[in-house]
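The values are calculated or read from the model by the stated rules, or taken from the named source; none is laboratory data. The shown structure was predicted, so the numbers you read here are calculated from the model rather than taken from an experiment. With ideal geometry, Cβ positions are generated from the backbone for all residues, glycine too; neighbour counts draw on all protein chains shown.
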Amino acid sequence: METVTNKTLEKLKYDLVRDGLVSYEDIEKAHELAISQNVNIGQILIKSNLITEEVLLKFLESKLHIPYVDLKDYTLDTRCLSYINFNDAQKYKIIPLFKIENVLTVAMADPLDLFAIDKIVEKTGCEIDPVISAETLVLKKIEEYYNSDSSVGEINLENSEVKFDWREELHNDVLSDEHTQILIRAILKQAIINNVHEMFFEHVPNGLSVNFRYGTEIVNTGQIPSVLVVAFISKLKTLSALDANVCELPQLGKLVFKVDDILLTASISAFPTINGERISLKIYKPPKRLSEIGFTETQINTILTETERPGITLVCGSNLSGKTHIVYSILLELANSKKNIMTIESIAKYNLANVNQCELNENIGFDIDKAMRFIEFQSPDLIYFEGITSKNALDYFSSLVFKNKVLITEFLADNMADLNKKLSYNDFEMFRPLITTIIFVHGKNKIEVFDRQDLKKFIR
């Protein structure tokens, strides 16, 4: 995984020694701990009480001659949030404060991260004027402001007409960045109104077709004309933290948008075809408590009891049945159990407090094989892994039950007969007897929960 550093502190760490703020031995020890824990050296110095955050920030301000801004009670100019998307803000620990003419002032935890500044300059076209701020406050402001004002913009469905049609936005002849974003917003709004959770954008001779999936049926809802296609795809990819200049390789990203004050997440996959990039987008709703999504008290008790003991909880259902939503609701229930809960996901759909969520990133070599080799060093009590991708992964995760781990995963099955048929395959010989709970999502209003005793009747 990419090493976490703070370039400012790496450059000035021995100045801390020369100024008598930290001893040489403490700096060297903090450096070793930072590497082993994959955090930056500043976090180690503060957590080890070797220096206070206030003293450290004043030291950096004096050495760099870059002003320090206390973000605790600071009010940002929300119009500037559009210059830096949520993903870049989190990645580089940077947030825009205000803009005067062509100069964008940003708060950074690491103002000497020239790579981050160059990236922001490239994307915004503005000059960047950095100020120093506490890392914890930068991250807190990012969560506060981007959760209340999404990068795509608010989609308000209150009083919206049932016959809303995103194609009305095509009547606007203005080819601008703002119009492109409005068009994206309208398509997302249409999907939410129509209760659609998956959509596809495909190249056709005269433009880009917009297709919604309803169960097993894919329905074309309209077409974006050729003149708008390049701008549309570029904006959609930029908002999702994908490289808009790359179209020959698959990419996976995350899009955040808001509907009636509810922040929604969508995973976005760009995949090259001979006709051009095909873009798939899946929308995930925020997790709710199990009692809020139709589970009975008995079912909830069964789920919570079984996740106290080693074994596998299998969440089953057809495609787009809501399996992931239920998994997140279970994790939400368990988050305060004082256990080390970890996830291995392609995309983290929502940030869950007290859950250590891990996103796979093949661009830097963090794939499922590497996750399997290293996750045990984290001493997890419960692991959610998104799906069974290979026999090797299946056997590895199954073996963790013998090490007293609780596992949660998803399984695609249209009904119980289909589930039984698939689990009867030889590949599941080790996995099958370790299942302690099955949660089967038959539909929006029908969910069954089978405990260990029930499974004796169904799983053979």
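Observations on the model:
- Just one of (1) in contact (Cβ under 8 Å) with a residue 12 or more places away in the chain; (2) farther than 21 Å from Gln43 by Cβ; (3) part of a helix (DSSP H, G or I) fails for Phe98. It is (3).
- Restricting the search to helices (runs of 4 or more DSSP H) fully inside the range 218-336 and requiring at least 2 residues that are not assigned by TED's automatic domain parsing to the domain that holds Ile435 gives 226-239.
- Only one entry in Leu16, Leu45, Leu57 is aliphatic (A, V, I, L, M), closer than 30 Å to Glu122 by Cβ, surrounded by 14 or more Cβ atoms within 10 Å (Cβ to Cβ) and not assigned by TED's automatic domain parsing to the domain that holds Leu242, namely Leu57.
- Residue match in the range 314-322 (condition: of a type outside the set (Ser, Thr, Tyr), within 19 Å of Lys349 (Cα to Cα) and without any contact (Cβ under 8 Å) to a residue 60 or more places away in the chain): no
- Hey, Phe86 under 19 Å from Val256 (Cα atoms), modelled with pLDDT under 85 and of a type in the set (Phe, Trp, Tyr) or not: yes
- Screening the candidates Lys370, Lys349 for the property of being in a loop (DSSP other than H, G, I, E, B) and not hydrophobic (A, V, I, L, M, F, W, C) yields one hit, Lys349.
- Filtering the range 239-264 to residues that are buried (at least 20 other Cβ atoms within 10 Å of the Cβ) and of a type outside the set (A, V, I, L, M, F, W, C) leaves Ser240, Gln251, Gly253, Lys254, Lys258.
- Each residue in the range 394-418 was checked for being closer than 29 Å to Thr216 by Cβ, in contact with an Asp or Glu (Cβ under 8 Å, 6 or more places away or on another chain) and hydrophobic (A, V, I, L, M, F, W, C), and 1 pass.
- Pairs, first within 14 Å of Leu76 (Cα to Cα) in the range 127-140, second part of a strand (DSSP E or B), C-beta under 6 Å, six or more apart: Val131/Ala107; Ser133/Ala107; Val138/Ile95; Val138/Ala107
- Residues considered: Leu76, Leu81. Of these, the only one that is modelled with pLDDT of 80 or more, in a helix (DSSP H, G or I), surrounded by 13 or more Cβ atoms within 10 Å (Cβ to Cβ) and among the aliphatic types (A, V, I, L, M) is Leu81.
- If you go through the range 373-407 and keep only what is part of a helix (DSSP H, G or I), among the hydroxyl-bearing types (Ser, Thr, Tyr) and free of Cβ contacts under 8 Å to residues at least 60 places away in the same chain, you end up with Tyr396, Ser399.
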